[in-house]
Amino acid sequence: MSNLHYVWEDDPGAPPMAHTPILRDVQPSQSSLSFDVKDGRVNQHGDKHMELRYWSAVDSAYRTADWAHRQGICAWHKKHGSTLPLDLDAGEQFNARYEREYGVEFFHGNVQDRIIYSCESPDMVSHELGHAILDGLNPSLYPPPNSEVNAFHEAFGDISSMLSLLALPSFCDSVLHETGGELEVSSRLSRVAEQMAWAVRRRRTGSVETHCLRDAANEFYYKSPDLLPPRGPVTELCREEHSFSRIFSASFLEILSVIFGQYGTDALALGKAADHAAKLLVLAARNTPVSKRYFADIAACMLVVDAGRFEGEHGGSLRKIFNRRGIYPLSESQALDRVRLDAAVEKLEFPPFSEKKEGESSLRIPGERYGLTSSFTVVPPCGRPWLVEQNCEADDEEGINLEEAVSFVDALFSQDKVGVCKGIRKDTCPESDPRGHTHEIQEVPEGFVLRRVRFQC
């Protein structure tokens, strides 16, 4: 049954709209990942683009669910059941977010007499749904106070945008023409959310890329997040999860480009390369435990997936890319030989790692440090890496370190990302903007605990 609507192929681009809508037969996803779409106030502003905005969001949601379905992902987090709530206009702010409690919410903001809707960008929709997909695939990656795990969640969202776009033959043709087949260069594929970046830069110049929120075509090199500042200009790498995520999303773009070069030069080969790159990523994300060396361990696990599913066809390229980015040191790469790869392949079909229960291996953080009247606990990742060395000093055999936990919390407070429950804030502690909170200090029967409440753009 035909359901033709004009939609944005990818992001609309900076005003006055750099791109042109395309006519699409918008069909529900073939997967079991369903949605409850609420358009709310999206139609209250008298905007003639209301229908375009709605169908662009719905179409990109369907395409995102379909790429996940092709990789065998068939469920959201258990809190959502079979249907994920999508609110296309939850209020006024330049933002979009995924919350385990409430689903995915998009917002609108006004700048220079233009109303910008985050739901209008397929990039934004696919990114936020990427968080939801990963939360269903491996729920243990949602809560831990760990910079590498949090950054991987953001990278997965940007990669979700890429994979959703590459499901469109017209987009594949367009990006091949734009890049000349060299996918690792900056293009519509690598750039995320040009329209939102235009709006944000008019409020905070230098906080995002010139033409987008993030660009996977970059030259950032891995450095332990503990050694990086909590925030910084977009031209520099910092500990903040969106900034640090660019290392991994860039690696994925290079992997995609190399695999594409092995399969051909046309849109059909690009679609096949996207499917294979996605399989490497998804199976690794399902099987890699939460640890402080998460980037290195998941890189190693992608080598295992390649050995098990593609007979090592891409192994040399993966090693080279991860080593060039500093994610997976050459010395450890050499240690992961064929014997170890074959042994690890046998474990790939095991169920995903279960969620870590709060209260285990928790650390107590002094509240006075942040202007609070009470201390609180955090539950850091305490799993050992699967395929790489622990390679860290620790307060116990599982690698838990109070100094590192405090450093992580310091970074959150310096970025104004922590909400604090009433009753434990001193008068000298300034209130923060709740719209920017990704974490909250919540009261529980045992006292107070720091918890992640959302991922947001």
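The values are calculated or read from the model by the stated rules, or taken from the named source; none is laboratory data. Remember, predicted model here, so these are calculated numbers, not experimental data. Here the Cβ positions follow ideal geometry from the backbone for every residue, glycine too, while neighbour counts run over all protein chains shown. Surface accessibility is based on the protein's heavy atoms, side chains included, excluding ligands, DNA and RNA. Shrake-Rupley method; radii C 1.70, N 1.55, O 1.52, S 1.80 Å.
Cβ-Cβ contacts under 6 Å between residues 6 or more apart (or on different chains), taken from a first residue in region 321-345 that is under 28 Å from Phe244 (Cα atoms) to a second residue that is open to solvent by 10 Å² or more (accessible area, probe 1.4 Å) and assigned to a loop (DSSP other than H, G, I, E, B), are listed as Arg325/Tyr222; Gly326/Tyr221; Gly326/Tyr222; Ile327/Tyr222; Glu332/Val388.
Yes/no matrix, rows are residues, columns are (1) open to solvent by less than 20 Å² (accessible area, probe 1.4 Å); (2) in a loop (DSSP other than H, G, I, E, B); (3) touching a residue at least 24 places away in the same chain (Cβ under 8 Å):
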{"site": "Leu183", "(1), (2), (3)": "yes, yes, yes"}
{"site": "Met196", "(1), (2), (3)": "yes, no, yes"}
{"site": "Glu209", "(1), (2), (3)": "no, yes, yes"}
{"site": "Tyr222", "(1), (2), (3)": "no, yes, yes"}
{"site": "Asp226", "(1), (2), (3)": "no, no, yes"}
{"site": "Pro230", "(1), (2), (3)": "no, yes, yes"}
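As an exercise: evaluate Asp113 against (1) on the phi < 0 side of the Ramachandran plot; (2) surrounded by fewer than 24 Cβ atoms within 10 Å (Cβ to Cβ) and give the number of the one condition it does not meet. Unmet for Asp113, out of (1) on the phi < 0 side of the Ramachandran plot; (2) surrounded by fewer than 24 Cβ atoms within 10 Å (Cβ to Cβ): (1).
Residues checked against (1) modelled with pLDDT of 90 or more; (2) under 23 Å from Cys212 (Cα atoms); (3) open to solvent by less than 10 Å² (accessible area, probe 1.4 Å):
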{"site": "Ala18", "(1), (2), (3)": "no, yes, no"}
{"site": "Asp25", "(1), (2), (3)": "yes, no, no"}
{"site": "Asp36", "(1), (2), (3)": "yes, no, no"}
{"site": "Arg53", "(1), (2), (3)": "yes, yes, yes"}
{"site": "Lys78", "(1), (2), (3)": "yes, no, no"}
{"site": "Asp89", "(1), (2), (3)": "yes, yes, yes"}
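With respect to the conditions (1) over 24 Å from Val258 (Cα atoms); (2) polar (S, T, N, Q); (3) outside any helix (DSSP H, G or I), Ser187 lacks only one, and its number is (1).
Residues in region 56-76 that are modelled with pLDDT under 95 and among the hydrophobic types (A, V, I, L, M, F, W, C) were compared, and the one that is surrounded by the most Cβ atoms within 10 Å (Cβ to Cβ) is Ile73. Could you list, in sequence order, all residues of region 246-276 that are open to solvent by less than 10 Å² (accessible area, probe 1.4 Å) and either under 20 Å from Ala296 (Cα atoms) or part of a loop (DSSP other than H, G, I, E, B) (or both)? Passing the criteria: Arg246, Ile247, Phe248, Ser249, Ala250, Ser251, Phe252, Leu253, Ile255, Leu256.
None of Val192, Val175, Val200 is surrounded by 24 or more Cβ atoms within 10 Å (Cβ to Cβ) and either more than 29 Å from Ser407 (Cβ to Cβ) or not acidic (Asp, Glu) (or both) except Val192.
Let's see how each residue does on (1) open to solvent by 10 Å² or more (accessible area, probe 1.4 Å); (2) in contact with a His (Cβ under 7 Å, 6 or more places away or on another chain):
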position: Leu84; (1), (2): no, no
position: Glu105; (1), (2): yes, no
position: Gly136; (1), (2): yes, yes
position: Glu154; (1), (2): no, yes
position: Met162; (1), (2): no, no
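Assigned to a loop (DSSP other than H, G, I, E, B) and either farther than 30 Å from Leu330 by Cα or modelled with pLDDT of 85 or more (or both): does that describe Gly399? Against the criterion (assigned to a loop (DSSP other than H, G, I, E, B) and either farther than 30 Å from Leu330 by Cα or modelled with pLDDT of 85 or more (or both)), Gly399 does not qualify.
Please determine whether any residue of region 413-428 is open to solvent by less than 20 Å² (accessible area, probe 1.4 Å), closer than 23 Å to Ala96 by Cβ, of a type outside the set (D, E, K, R) and not in a loop (DSSP other than H, G, I, E, B). Within region 413-428, one or more residues are open to solvent by less than 20 Å² (accessible area, probe 1.4 Å), closer than 23 Å to Ala96 by Cβ, of a type outside the set (D, E, K, R) and not in a loop (DSSP other than H, G, I, E, B). Of all the residues in region 429-457, those that are part of a loop (DSSP other than H, G, I, E, B) and either closer than 26 Å to Met124 by Cα or among the aliphatic types (A, V, I, L, M) (or both) number 7. Annotation note: of Leu281, Leu253, Leu270, the sole residue that is in contact (Cβ under 8 Å) with a residue 60 or more places away in the chain, under 17 Å from the mean Cα position of the chain (by Cα) and farther than 25 Å from Pro381 by Cβ is Leu253.
Contact map, region 366-378: residues that are of a type in the set (S, T, N, Q) paired with residues that are surrounded by 14 or more Cβ atoms within 10 Å (Cβ to Cβ) and in a helix (DSSP H, G or I), Cβ distance under 6 Å, separation 6+ or inter-chain. Pairs shown: Ser374/Gly367; Ser375/Gly367.
Contact map, region 286-300: residues that are closer than 13 Å to Ile321 by Cβ paired with residues that are aromatic (Phe, Trp, Tyr) and open to solvent by 10 Å² or more (accessible area, probe 1.4 Å), Cβ distance under 7 Å, separation 6+ or inter-chain. Pairs shown: Phe295/Tyr222.
Can you tell me how many residues within region 157-181 are at pLDDT below 95 and part of a loop (DSSP other than H, G, I, E, B)? Residues that pass the stated criteria total 2. Here Ser170, Ser190 are screened, and the one residue that is in contact with a strand residue (DSSP E or B) (Cβ under 8 Å, 6 or more places away or on another chain), under 18 Å from Ser243 (Cα atoms) and of a type outside the set (A, V, I, L, M, F, W, C) is Ser190. If we scan region 25-35, do we find a residue that is assigned to a loop (DSSP other than H, G, I, E, B), closer than 26 Å to Asp433 by Cβ and of a type outside the set (S, T, N, Q)? Checked against the condition, which is being assigned to a loop (DSSP other than H, G, I, E, B), closer than 26 Å to Asp433 by Cβ and of a type outside the set (S, T, N, Q), region 25-35 yields no hits at all. Identify the single condition in (1) open to solvent by less than 40 Å² (accessible area, probe 1.4 Å); (2) closer than 20 Å to Val149 by Cα that Pro329 does not satisfy, given that it satisfies every other one. So Pro329 meets the others, but not (1).
Does Val453 qualify as being within 14 Å of Phe376 (Cβ to Cβ) and at pLDDT 90 or above? It is false that Val453 is within 14 Å of Phe376 (Cβ to Cβ) and at pLDDT 90 or above.
Screening Lys279 with (1) in a helix (DSSP H, G or I); (2) open to solvent by 10 Å² or more (accessible area, probe 1.4 Å); (3) within 14 Å of Leu387 (Cβ to Cβ) gives one miss only, at (3).
On the stretch given as region 283-311, residues that are in contact with a helix residue (DSSP H, G or I) (Cβ under 8 Å, 6 or more places away or on another chain), open to solvent by 30 Å² or more (accessible area, probe 1.4 Å) and within 17 Å of Leu348 (Cα to Cα) total 3.
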